[in-house]
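**Student:** The structure under discussion is supplied below as structure tokens; questions concerning it will follow.
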Amino acid sequence: MKFDDLDGAMRAYEQSLDMWVAPNMYIVVRLDGRSFTKLTKETCKFEAPFDERFRDLMVDTLKYLMENSGFQTVYGFTESDEMSILLRLDDNTFGRKIRKINTTLAGEASAYFTKELYKRLGIDVIASFDSRVCPLPNLDIVGQYFRWRQEDACRNSLNGWCYWTLRKNNESKRKATSILSGQGNAFKNELLFQNGINFNDLPAWQKRGVGIVFTEVDREGYNPKTKETVMTKRRVAEVNYELPYGDPYEEYIKNLAE
């Protein structure tokens, strides 16, 4: 059999399950850390419920993906051990094939995070992310998606602060979980207040997550042809630790995605 015939036949099998996102659909890619509870609490022993070293690893990994993965990204959001990336509506990288989007972003996120974990903390362990593509039909749904993830961040923050406050008060894992089971926000806020913690006064990034947007800045450059100093525009990723909340956040996202 000629190689071209064999190549065509095998590629038909290889591509038989390929799916792609239709044009004029927004694409959000969400990445989650695999077994990160064990990684953060046992292997790395990060401070609970929040540790700025872990936050910075997640933020820098997200920033790296947005600037270097080859996709045309608009916005990135991270909370806990997850990241969500919004692509431009007209992005056609890899023909919008789902398997290519997932494998590329999950692979690069895993490699970068692992490298930085060793570089910064000297911890030699493989960290990995999974990835899923979420096609969204319009701007309203895009805004709702990121509001959903922000609400998840707020819920996780309140629960995390309560759980670890109880644990630091020498409650067992089982007892701390039992105390919080079925309780509403009022009970949880009061629990923290009785321990000297006002949830409303905690840093915004712990409650709302962290966003990354692109902005244009003026940079001084050098034109080797004219041998002159020139000012140029550069698109750089900017980290936002003070995201708006609720309806204003939805509008913020929709304005970015337009």
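The values are calculated or read from the model by the stated rules, or taken from the named source; none is laboratory data. Here the structure is a predicted model, which means the values were calculated and not measured. Neighbour counts are summed over all protein chains in view; Cβ atoms, including those assigned to glycine, are modelled from backbone coordinates with ideal geometry. Heavy atoms of the whole protein, side chains included, go into the accessibility calculation; ligands, DNA and RNA do not. Shrake-Rupley method; radii C 1.70, N 1.55, O 1.52, S 1.80 Å.
**Student:** Could I have the simple spin-label model distance between Arg120 and Val230, label points 7 Å from Cα toward Cβ, reported in nm to one decimal?
**Tutor:** A separation of 3.7 nm, rounded to one decimal place.
**Student:** Roughly speaking, to the nearest percent, how much of segment 79-190's 1.4 Å accessible area is carbon and sulfur? Don't jump to the answer; show the numbers that get you there.
**Tutor:** Values: 2990 of 5800 Å².
It is 52 percent, rounded to a whole number.
**Student:** Can you classify segment 1-148 as rounded, prolate or oblate using the Cα gyration tensor, where a ≥ b ≥ c are the square roots of its eigenvalues, rounded means a/c under 1.5, and otherwise it's prolate if a/b beats b/c and oblate if not?
**Tutor:** Numbers: a/c = 2.59, a/b = 1.43, b/c = 1.81.
Here segment 1-148 falls in the oblate category.
**Student:** Rounded, prolate or oblate: which fits segment 89-180, taking a ≥ b ≥ c as square roots of the Cα gyration tensor eigenvalues, rounded meaning a/c under 1.5, else prolate when a/b beats b/c?
**Tutor:** Values: a/c = 3.36, a/b = 1.44, b/c = 2.34.
Judged from the Cα gyration tensor, segment 89-180 comes out oblate (a/c at least 1.5, b/c at or above a/b).
**Student:** For segment 19-64, taking Cα atoms only, what is the radius of gyration to one decimal and the Dmax to the nearest whole Å?
**Tutor:** So, for segment 19-64, Rg and Dmax equal 15.2, 44 Å respectively.
**Student:** Through the Karplus equation 6.51 cos²θ - 1.76 cosθ + 1.60, θ set to phi - 60°, convert the phi angles of segment 145-151 into ³J(HN,Hα) values in whole Hz; use x for Gly and Pro.
**Tutor:** Those phi angles translate into 4, 6, 5, 4, 5, 5, 4 Hz.
**Student:** Debye calculation, C-alpha points only, no solvent: report log10 I(q)/I(0) for the chain at q = 0.07, 0.10, 0.17 Å⁻¹, in the same order as the q values.
**Tutor:** -0.32, -0.62, -1.32
**Student:** For each pair in Lys45/Lys207; Lys2/Lys97; Lys45/Lys254; Lys119/Lys207; Lys119/Lys188; Lys97/Lys119, compute the distance between the two Cα atoms and list the pairs where it is over 31 Å. Walk me through the numbers on the way to the answer.
**Tutor:** Numbers: Lys45/Lys207 21 Å; Lys2/Lys97 29 Å; Lys45/Lys254 38 Å; Lys119/Lys207 28 Å; Lys119/Lys188 38 Å; Lys97/Lys119 33 Å.
Exceeds cut-off: Lys45/Lys254; Lys119/Lys188; Lys97/Lys119.
**Student:** Hey, another quick one. What length, rounded to one decimal in nm, is gained on full extension from Met19 through to Glu216, with 0.36 nm per residue of separation minus their alpha-carbon distance? Intermediate values should be presented prior to the final figure.
**Tutor:** On the way: separation 197, 0.36 × 197 = 70.92 nm, distance 3.46 nm.
Contour length minus the Cα-Cα distance gives 67.5 nm.
**Student:** Now for a different question. In square angstrom, rounded to the nearest 10, how much accessible surface does Val125 have for a 1.4 Å probe?
**Tutor:** 40 Å²
**Student:** Leaving ligands and nucleic acids out of the surface, order Asp81, Asp90 by accessible area at 1.4 Å, largest first.
**Tutor:** Asp90, Asp81
**Student:** In whole percent, what relative contact order does segment 121-258 give with Cα contacts below 8 Å and a gap of six or more residues?
**Tutor:** On the way: 125 pairs, mean separation 37.4, N = 138.
For segment 121-258, the relative contact order is 27 percent.
**Student:** What residues qualify as long-range amide H neighbours of Thr73, i.e. H under 5 Å apart, gap of 5 or more or another chain, H built at 1.01 Å from N?
**Tutor:** Arg88
**Student:** When the Debye formula is applied to the Cα atoms of segment 177-216, each taken as the same point scatterer, what base-10 log of I(q)/I(0) results at q = 0.15, 0.16 Å⁻¹?
**Tutor:** Results for segment 177-216 at q = 0.15, 0.16 Å⁻¹ read -0.51, -0.55.
**Student:** Gln144 to Phe3: FRET efficiency via 1/(1 + (r/R0)^6), r the Cβ-Cβ distance, R0 51 Å, to the nearest 0.05? Each step should come with its number before you reach the end.
**Tutor:** Details: r = 50 Å, r/R0 = 0.98.
The formula returns an efficiency of 0.55 here.
**Student:** Which ³J(HN,Hα) values in Hz, rounded to whole numbers, follow from the phi angles of segment 175-187 under the Karplus curve 6.51 cos²θ - 1.76 cosθ + 1.60, where θ = phi - 60° and Gly and Pro get x?
**Tutor:** Each residue's phi maps through the Karplus curve to give 5, 4, 5, 5, 4, 8, 4, x, 8, x, 5, 4, 4 Hz.
**Student:** Shifting gears a bit: What percent does the relative contact order of the chain come to when contacts are Cα pairs within less than 8 Å and at least six residues apart?
**Tutor:** Numbers: 361 pairs, mean separation 56.0, N = 258.
In percent, rounded to a whole number, it is 22.
**Student:** Further question on the same structure: With every protein chain present, what accessible area does Cys44 have (1.4 Å probe, heavy atoms only), rounded to the nearest 10 Å²?
**Tutor:** Counting only protein heavy atoms, the figure is 20 Å².
**Student:** Counting only heavy atoms of the protein chains, get the accessible area per residue of the chain (1.4 Å probe) and round it to a whole Å² value.
**Tutor:** Numbers: 14830 Å² over 258 residues.
Per residue, the chain has 57 Å² of solvent-accessible surface.
**Student:** Nearest 0.05, what FRET efficiency do Asn223 and Arg88 give at R0 = 22 Å with Cβ-Cβ as r?
**Tutor:** On the way: r = 30 Å, r/R0 = 1.35.
Result of the calculation: an efficiency of 0.15.
**Student:** Taking all protein chains together and a probe of 1.4 Å, list Asp140, Asp56 from the most accessible to the least accessible. Numbers along the way, then the final one.
**Tutor:** Values: Asp140 80, Asp56 50 Å².
Ranking Asp140, Asp56 by accessible area, largest first, yields Asp140, Asp56.
**Student:** Would you mind getting the Kirkwood hydrodynamic radius of segment 186-258 from its Cα pairs, rounded to one decimal in Å? Please list the in-between numbers first.
**Tutor:** Values: mean 1/r = 0.0622 Å⁻¹.
16.1 Å is the Kirkwood radius here.
**Student:** Could you grab the relative contact order for segment 4-84? Cα pairs under 8 Å, six or more apart, rounded to a whole percent. All intermediate terms of the calculation are to be shown ahead of the outcome.
**Tutor:** Details: 42 pairs, mean separation 25.1, N = 81.
Over segment 4-84, the number comes to 31 percent.
**Student:** With each label point set 7 Å from Cα along the Cα-Cβ vector, what nm distance links Glu67 and Ala48?
**Tutor:** 3.3 nm
**Student:** Would you mind computing, in nm to one decimal, how far apart the modelled labels at Lys173 and Arg11 are, each placed 7 Å from Cα along Cα→Cβ?
**Tutor:** 5.0 nm
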